[in-house]
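Comments concern the structure below.
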Amino acid sequence: MVVAGGLVIAGVFAFACGGKPPREPNITETVSDAGPEDTAPPEPAKPKSLYERLGAKEGIAKVVDSFVKNLQSNDVTKKRFAKLSKDRLEKFRQNLVDQICHETGGDCEYTGKDMKAAHKGMKITEAEWNATISALKAAMEENSVGETEADDLFALVAPMKDDIVEVKPKGAPKK
């Protein structure tokens, strides 16, 4: 009787479910819904510009502010900056921000003079150039600029030396 009752219950469940066992999903249907098989891998991320890696205009401005302070306090360069009015010093600062921003890939417009014209007649020495580079290096360290970014910025600045330094050390070849 227990067996007969179990068969009746099984028959009721089979009848309630339509009398057929549940259908297994068709795997080919599931896969075909996943999209085309020939999808190309995503494009690799575009590397960030030096401008972005320096913190954009805000990061560059912080480095320039430290740089200008370093130039003003450096024994070799401070005499040049002691003579500047606040307005001239601010214009110098803004030109530096715009120039670095532009040269590193930012959308800033540098409207200052080219380096040769800007420094003509200033008789900048090799010692002043070296002190300036040291001041820039210190400014980048003060603002936690990475080594790669610092190297990349120096690579942009280094070629300007010939246009800026007018007084060569004795015995140095003239260009």
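The values are calculated or read from the model by the stated rules, or taken from the named source; none is laboratory data. This is a predicted model, so every value here is computed, not measured. So basically every Cβ, Gly included, is an ideal-geometry build from the backbone, and we count neighbours across all protein chains shown.
With the requirement that a residue be crowded, with 17+ Cβ neighbours inside 10 Å and among the hydrophobic types (A, V, I, L, M, F, W, C), what does region 62-84 give you? V63, V64, F67, V68, L71, listed by residue number. Just checking, does region 137-146 include any residue being closer than 17 Å to N70 by Cα, outside any helix (DSSP H, G or I) and either in contact (Cβ under 8 Å) with a residue 12 or more places away in the chain or among the β-branched types (V, I, T) (or both)? Yes: region 137-146 contains one or more residues that are closer than 17 Å to N70 by Cα, outside any helix (DSSP H, G or I) and either in contact (Cβ under 8 Å) with a residue 12 or more places away in the chain or among the β-branched types (V, I, T) (or both). In region 85-104, the residue that is surrounded by the most Cβ atoms within 10 Å (Cβ to Cβ) out of those that are of a type outside the set (S, T, N, Q) and more than 18 Å from M115 (Cβ to Cβ) is L89. Could you check how many residues of region 57-105 are more than 28 Å from the chain's Cα centre (by Cα) and not charged (D, E, K, R)? Looking only at that region, the number is 8.
Residues satisfying the criterion are absent from region 148-167 (criterion: in contact with a strand residue (DSSP E or B) (Cβ under 6 Å, 6 or more places away or on another chain) and of a type in the set (S, T, N, Q)).
Among residues that are among the acidic types (D, E) and under 11 Å from V64 (Cα atoms), D98 is included.
Would you point out the residue of region 149-175, among those that are among the basic types (K, R) and at pLDDT below 95, that is surrounded by the most Cβ atoms within 10 Å (Cβ to Cβ)? Steps first, answer last, please.
Initially, region 149-175 is screened for residues among the basic types (K, R), giving 161, 168, 170, 174-175.
Subset that is at pLDDT below 95: 168, 170, 174-175.
Working: K168: 13, K170: 5, K174: 4, K175: 5.
This residue is K168.
Looking across region 92-119, the residues that are charged (D, E, K, R), within 16 Å of K57 (Cα to Cα) and outside any loop (DSSP other than H, G, I, E, B) come down to R93, D98, E103.
Given the structure, is K137 surrounded by 15 or more Cβ atoms within 10 Å (Cβ to Cβ), at pLDDT 95 or above and of a type outside the set (A, V, I, L, M)? It would help to see each step written out before you state the result.
On the way: surrounded by 15 or more Cβ atoms within 10 Å (Cβ to Cβ): yes; at pLDDT 95 or above: yes; of a type outside the set (A, V, I, L, M): yes.
Answer is yes for this residue.
Scan region 97-135 for residues that are in contact with a Phe, Trp or Tyr (Cβ under 7 Å, 6 or more places away or on another chain) and over 21 Å from P169 (Cβ atoms) and jot them down. Matches in region 97-135: D98, Q99, C101, H102, T104, G105, G106.
Return the total of residues in region 122-134 being part of a helix (DSSP H, G or I) and crowded, with 17+ Cβ neighbours inside 10 Å. Don't jump to the end; show me each part of the working.
Of all residues in region 122-134, those part of a helix (DSSP H, G or I) come to 126-134.
Of the ones still in play, those that are also crowded, with 17+ Cβ neighbours inside 10 Å are 128-129, 131-132.
So the answer is 4.
Looking at region 43-89, the helices (runs of 4 or more DSSP H) lying wholly inside it that each contain 3 or more residues that are over 20 Å from Y110 (Cβ atoms) and not aliphatic (A, V, I, L, M) sit at 56-73, 78-82.
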